[in-house]
Amino acid sequence: MPKEIGLRYGLNPHQRPARAFTSGELPFVVRNGAPGMINLLDALNAWQLVRELRQATGQPAAASFKHVSPAGSAVAADLASAYERARGADRVSSFGDVAAFSDTVDERTANVLRREVSDGCIAPGYDPKAFEILSKKKDGGYLVLEIDPSYEPGPIETRDVFGVTLEQRRNDHVIDASLLRNVVTAETSLPEHARRDLIAGLITLKYTQSNSVAFALDGTVIGIGAGQQSRIHCTRLAAQKAELWWLRQHPRVLDLPLRADLSRPERDNAVDGFLRDDLTPPELAAWRTAFDREPARLSADERRDWLESTFASERAHGLLAPWVLHTGLGPDAATSGFMTQVIAIAVQEGGMPIPRGGGAKLAEALVRLIRDRGGVCETGKDIERVLVRRGRAVGVRLAGGETVTAERAVIANVTPTQLYERLLDETEVPANVTEGARRFRYGRAEMQMHFALSEPARWEGDERLGRTAIVHVTPGLDGVSRAVNEAERGLLPAEATIVVGQPLTMDPARAPDGKGILWIQLQELPRVLKGDAAGAIDVGDGTWDDEIRERYADRIQARLARQIPNLDSSILRRVVLGPHDLERMNVNLHEGDPYGGALSLDQNFLWRPFPQAPGHGTAVERLFHIGASTWPGPGLGAGSGTLVAQELLKPPLPQRALAKARSLAGR
């Protein structure tokens, strides 16, 4: 590494010449671009922050730095998620940031960074594909710094101010869990997630201009008040930013009718304006142009109701945390808090109805409904290709060569992988859509276990558990978070969340009198195996097979037997379906992902399945895409099919226009 590099300029463009140098070698190299002094101040401080976060929490860390203070920082299960959360803490302040990463930047992280307005990044390394992506950013001028992760500066640091050299010991104080041993409040219990958030906040403040205050939640610093003369103003600023962070999760915000052609910074500014009540008339006029139609602003009551809807109780956290798994997310994922509340409300208001006799009865009823109305329903047919003529879907070809024509539309309930890489020729769709489908990411895998019992399960401790349709066996919020983190790192979780379904509580006819059945769902499994968090199972070459499936099922059964003492003695038969079994049964369960693809923010909500092809229409006329991979995502509500049906059942445009004219004339 060199001893000195020239800088574009100092703190301001007129401050030239400028350089960075040491008595030895610089601890970083410039892989791409040319830094200015503020770039280096941001990068070197941000690197120290994420390095300490990584050391203190054991999780990948990222920070978004702007003008010598962090706009946000976070830890998460992977580097890309950490940066998405760090950047999402204050998207307006992160405009033109320097991004810092605790680990080697991979392709997914580079793609996340590629679409943001950012001036540079620093990390201990870059995968070749990641560097290729970043080196093309800003027309090839994007700053990419690679730092030596083993570098430690000397204990003394100096600074020149007005010709005077100031010297002090470097702030090398270690912030970790030992700092939190002396709890000075009356309530001395400090949950693990609170310790993590306190450490994340304290480390972030260490690299924030004083005075400073930070708010942290779920491993993300969501509000920072930095560099104010008054600590009161710091607190007020940090609280306002934390409030805006939470309001941005409001359903009305997530569903804003933003113009499709807005750039990402324009979208951020429009959302910021939506949540502010102090826009001047010129600002308000400009803000209105960002929407297809002007949205109604959030009222004070709506803001307060949303901000007061969080849960403080640890028991409530433990009760609700496992439910987020049923939305395809984990507790640390973006929107997980919102989706947990959604599913809690759905269960409370709508219950969890099941068909008497099993889920197959629902499918059978739907088939009868189709046939009773003159339709035809066939299964067991392997479709080989969607037939396209002159840009329009006209039918499908079966694997045996038979063709089925379509008069109005072809509707494909498949994953993007199946639709764009198997059923359609790539020449029939735009290249950017094909590329988007190739980049579509899948989520965690799942496993199912089914028990036939000689007697009903007898739960330890509370007889009401035996009357509960679904029981989650989990250590609580931190346990769910830990298991998800392990799975996303390719490890078999040491202590997974066990979803125990007890169908007989709602449909006693499912088993003979005096017998019992249980179905088990495990939603925190890696699609590709890298190891076992418990260190007990050899995963071989990383491919799921029957032996790994059964050994892991033994672990789950042993844990469950501690809660159900008569489990082992009453098992008549156990059937286990691993990720490889599920994909073999249904090609759309890609590597055992039951939710049709990862539900991270860029593949969720109105961006599902992916930004190049959102919604249900496709680039092929009369070809519609529905199912778990599309909006509104996985579940049994038939939302995507209903939306497409409504579109197809609309009267022809001339008929609608005539009806509208008659309506207007009749006023």
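With every protein chain left in place, what is the accessible area per residue of the range 447-490 in square angstrom, probe 1.4 Å?
On a per-residue basis, the range 447-490 sits at 46 Å².
Taking a cut-off of 27 Å between Cα atoms, list the lysines near K381, but don't count ones fewer than 8 places away on the same chain.
K361
Over the range 1-126, what percent of the accessible surface lies on carbon and sulfur atoms, probe 1.4 Å?
52
With N set to the residue count of the range 142-265, report its C-alpha Rg divided by 2.2 N^0.38 Å to two decimal places.
Details: Rg = 19.6 Å, N = 124, 2.2 N^0.38 = 13.7 Å.
After normalising by residue count via 2.2 N^0.38 Å, the value is 1.42.
Cβ neighbours within 10 Å, averaged per peptide: list 628-637, 178-187, 613-622, 91-100 in order, most packed at the top.
The most tightly packed comes first, giving 91-100, 628-637, 613-622, 178-187.
With the dipole of the chain worked out from charges on the C-beta (+1 for Lys and Arg, -1 for Asp and Glu) around the Cα centre, which of L275, G501, P526 lies farthest toward the positive end?
Result: L275.
Any idea what the relative contact order of the chain is, in percent, if you count C-alpha pairs under 8 Å spaced at least 6 apart?
Result for the chain is 9 percent.
For the range 513-594, with equal point scatterers placed on the C-alpha atoms only and solvent neglected, what are the log10 I(q)/I(0) values from the Debye formula at q = 0.24 1/Å, to two decimals?
-1.25
For the range 518-559, what is the relative contact order in percent, using Cα pairs closer than 8 Å and at least 6 residues apart in sequence?
Relative contact order for the range 518-559 comes out at 27 percent.
Could you calculate, for the range 320-364, the ratio of the Cα radius of gyration to the Kirkwood radius, expressed as Rg to Rh?
We get a ratio of 1.12 for the range 320-364.
Over the range 525-667, with every protein chain in place, what whole percent of the accessible area is carbon and sulfur at 1.4 Å, could you tell me?
Whole-percent figure for carbon plus sulfur exposure: 55.
For a Förster distance of 41 Å, can you work out the FRET efficiency between the beta-carbons of L369 and Q240, rounded to the nearest 0.05?
That pair, L369 with Q240, gives E of 0.15.
Looking at the chain, do any whole DSSP H helices span at least 15 angstrom along their long axis by alpha carbon and average 0.5 or above on Kyte-Doolittle, and which? Before the final figure, lay out each step's value.
On the way: long enough: 37-57 (30 Å, 0.16); 192-206 (21 Å, -0.01); 231-247 (24 Å, -0.11); 264-275 (17 Å, -1.03); 336-350 (20 Å, 0.86); 360-372 (18 Å, 0.43); 477-488 (17 Å, -0.33); 546-563 (26 Å, -1.48); 653-665 (18 Å, -0.02).
Flagged H segments are 336-350.
Just want the answer: with Cβ charges of +1 for Lys and Arg and -1 for Asp and Glu, which residue in G578, P634, H616 is farthest toward the dipole's positive end in the range 524-667?
H616
Seen from all sides and averaged, what is the projected area of the convex hull of the Cα atoms in the chain, in nm²?
38.4
Percent of accessible area on the range 154-282 owned by carbon and sulfur, 1.4 Å probe?
Working: 4060 of 7760 Å².
The value for the range 154-282 is 52 percent carbon and sulfur by accessible area.
Give me the dipole magnitude in Debye, nearest 20, for the chain about the Cα centre, with unit charges on the beta carbon: positive for Lys and Arg, negative for Asp and Glu. Kindly include the intermediate steps, with their values, before the conclusion.
Details: 81 positive and 86 negative charges, 409 e Å.
Taking the Cα centre of the chain as origin, the dipole is about 1960 debye.
Which value, in Å², gives the accessible area per residue of the range 1-144 when a 1.4 Å probe is used on the protein heavy atoms?
Working: 5530 Å² over 144 residues.
Here the residues of the range 1-144 average 38 Å² of exposed surface.
Rolling a 1.4 Å sphere over the protein heavy atoms, what is the accessible area per residue of the range 492-547, to the nearest Å²?
45
Identify all lysines with a Cα-Cα distance to K3 below 29 Å; exclude those on the same chain that are fewer than 8 residues away in sequence.
K66, K129, K136, K137, K138, K206
The values are calculated or read from the model by the stated rules, or taken from the named source; none is laboratory data. Note that the structure is a prediction, hence the values are computed from the model and not measured. For neighbour counting, all protein chains shown are included, and Cβ atoms are generated from backbone atoms with ideal geometry for every residue, glycine included. These accessible areas exclude ligands, DNA and RNA; they are computed on the full protein's heavy atoms, side chains included. Shrake-Rupley method; radii C 1.70, N 1.55, O 1.52, S 1.80 Å.
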